[in-house]
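Worksheet: the structure to be examined is printed underneath.
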Amino acid sequence: MALVMLPCDVPWWTSVQRYLKHLLLASSPTKLAANMLKIHEMCNIGLDPEDDVKDPELMKGLEEFLIEELNPEELRQFLDNTVRVMVHRALHLKRWRPPKGLMFSLQQQSDVTELSCKFVSSLVAHAFFSTFPKRTLKTHPTLQDFNFTNFFKYLHRKSQRSKLKALLHYFEWLDKNNNDDETIKIHRQVMSSKQWLTIEDWLECTLPLCKFMIRHEGRPERCESDDALRVCFASSRIGGDALGDGDSQECLSMFMMPELLAAMLSVEALEDNEVVKIEGVRMFSRIGDKKKANLELLDEPKKVTICLMDAEDYSALPLSQWEEDNVLRELNKSLLAFQQTPAKGDDKRHERRLSPIGESFSQPEVEATVVVKQASSCSTLNSMNSRSPSPQNFSAAVANLNDPSVELSKRKCWLSPGNATLNNRRGRFIVLGSSGECLPVTRAPDAHAPPQEDSLYSSCNASDDEYHSANDSFDYG
């Protein structure tokens, strides 16, 4: 069992408490920044001594923000009340932490972690004061640094100021409303090797997609449905540059829903077959336009469920998004992410969309069997030589929408890569960095394909019977 080291677990916790209490006596932004710098220098110690470089100007951005951005009344409210709330919650970390400690969400391990919202608020307060041990990409390659060390230096940007104001509103709301009994749940969802779908599984599946509605107006954060599942395109290392100068959808969401920040502390980087779903987080504000600092503070937060999915960015090499392994990665990860929890108290029986392998990740009432029609070719490579027309040649007048074979050919055509792509793909496997496990792209190697040059993953070649379709992993007897 791997536990996260919290500020209350270190030998200098007593000193941390003393310095936190000193913040309550700060009567000006300059004194507050000076005391926060002392806390940072005491706590922000990493495993790599070369990274321990002191910067006396580290809190200068916060000091300037408080002086320039807040009027006298807002500044007094911040120093006398908001800081007090944050310090109070930081001091209660040891009392509010889980009895068995905070466990890491490790790669390739499906788990659910339930945390009290008051404990989460204490973690966020400690991150603001930078009391966590320092992490770097060199010392902790799969984890984020959970400190505001580099946050304040970018407060000259409008998006950064909106992020900070949203965070301060979160603590001010907590002070006025007593609902510390709430909890959030962090789910790490892993598509195991038995559930893993190959290209053929997707091409041969004839199951219908669920109904959906396209809206041309409005924004996702304004969705009023309590049962809606929000999917946020995130970084593999949850949070991305949220605690730096990041202004992406993921970074802004972390401050519109500050309880999401807790995932940055304990969730290891996502691999190609993983997503993270967080239930019960509350949206306290909306950042409408990052360039105009359009911030809307909510009087009553809205509880939401959000799924963090690290879609690949192919802007540097757009053609690579059509490679078989890249297409397969996005399809399988999307299948994990876009799964909606049934609404509570809904007694009506609705038709539900099964996954392409004929199962539901929730417990089904009736076991379903899916008959998959085997294609004549086991490799998508052969579809290059088939006579399937290109997507441009399909017309609504010719294609019979009720003919599954036509729809199947169309899907194969869209997923089949071009000649240039075939020669540049990474290999026949998607390799997981944490375990070295190889997830197959296709069910079996193509006997007619030209020989491939040795690659980084050439040692992954194995006999045909070692890898099989996920459709064969279920007992239909």
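The values are calculated or read from the model by the stated rules, or taken from the named source; none is laboratory data. As the structure is a computational prediction, the values presented were derived from the model and not from experiment. Cβ placement follows ideal geometry from the backbone for every residue including glycine, while neighbour counts extend to all protein chains displayed.
List of remarks:
- All positions within segment 424-441 that are buried (at least 22 other Cβ atoms within 10 Å of the Cβ), outside any strand (DSSP E or B) and at pLDDT 80 or above: V441
- Residues of segment 283-334 that turn out to be outside any strand (DSSP E or B), closer than 27 Å to M256 by Cβ, under 23 Å from the mean Cα position of the chain (by Cα) and among the hydrophobic types (A, V, I, L, M, F, W, C), as a count: 1
- For the residues N147, N71, N81, the requirement of being of a type in the set (S, T, N, Q) and touching a Phe, Trp or Tyr at 6+ places or on another chain (Cβ under 6 Å) singles out N147.
Residue-wise test of (1) out of contact with any strand residue (DSSP E or B) (no Cβ under 7 Å at 6 or more places or on another chain); (2) part of a loop (DSSP other than H, G, I, E, B); (3) crowded, with 20+ Cβ neighbours inside 10 Å.
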residue	(1), (2), (3)
I238	no, yes, yes
G244	yes, yes, no
E271	yes, yes, yes
I278	no, no, yes
V281	no, no, yes
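- Flag if E259 is crowded, with 20+ Cβ neighbours inside 10 Å and touching a residue at least 60 places away in the same chain (Cβ under 8 Å): yes
- Residue pairs meeting the criteria (Cβ under 8 Å; at least 6 apart or on separate chains; first assigned by TED's automatic domain parsing to the domain that holds E63, in segment 78-91; second among the hydrophobic types (A, V, I, L, M, F, W, C) and outside any helix (DSSP H, G or I)): F78/L70; L79/A26; V83/L24; V83/A26; R84/L24; V87/L24
- Conditions (1) in contact (Cβ under 8 Å) with a residue 60 or more places away in the chain; (2) out of contact with any Leu (no Cβ under 8 Å at 6 or more places or on another chain); (3) farther than 17 Å from M86 by Cβ; number of the one not met by S15: (1)
- Screening the candidates E324, E259 for the property of being modelled with pLDDT of 90 or more and either closer than 30 Å to L3 by Cβ or in contact with a Leu (Cβ under 6 Å, 6 or more places away or on another chain) (or both) yields one hit, E259.
- Reported count of residues in segment 122-146, each being under 24 Å from D180 (Cβ atoms), within 21 Å of the chain's Cα centre (by Cα) and assigned to a loop (DSSP other than H, G, I, E, B), is 1.
- Whichever residue in segment 151-174 is buried (at least 20 other Cβ atoms within 10 Å of the Cβ) and among the hydroxyl-bearing types (S, T, Y) and, among such residues, is farthest from M86 (Cα to Cα): S159
- Residue within segment 183-204 that is in contact (Cβ under 8 Å) with a residue 40 or more places away in the chain, over 24 Å from the mean Cα position of the chain (by Cα) and outside any helix (DSSP H, G or I) present: no
- Scanning segment 175-188 for residues that are surrounded by fewer than 20 Cβ atoms within 10 Å (Cβ to Cβ) and either in contact with a helix residue (DSSP H, G or I) (Cβ under 9 Å, 6 or more places away or on another chain) or of a type in the set (V, I, T) (or both) yields D175, N179, D180, D181, E182, T183.
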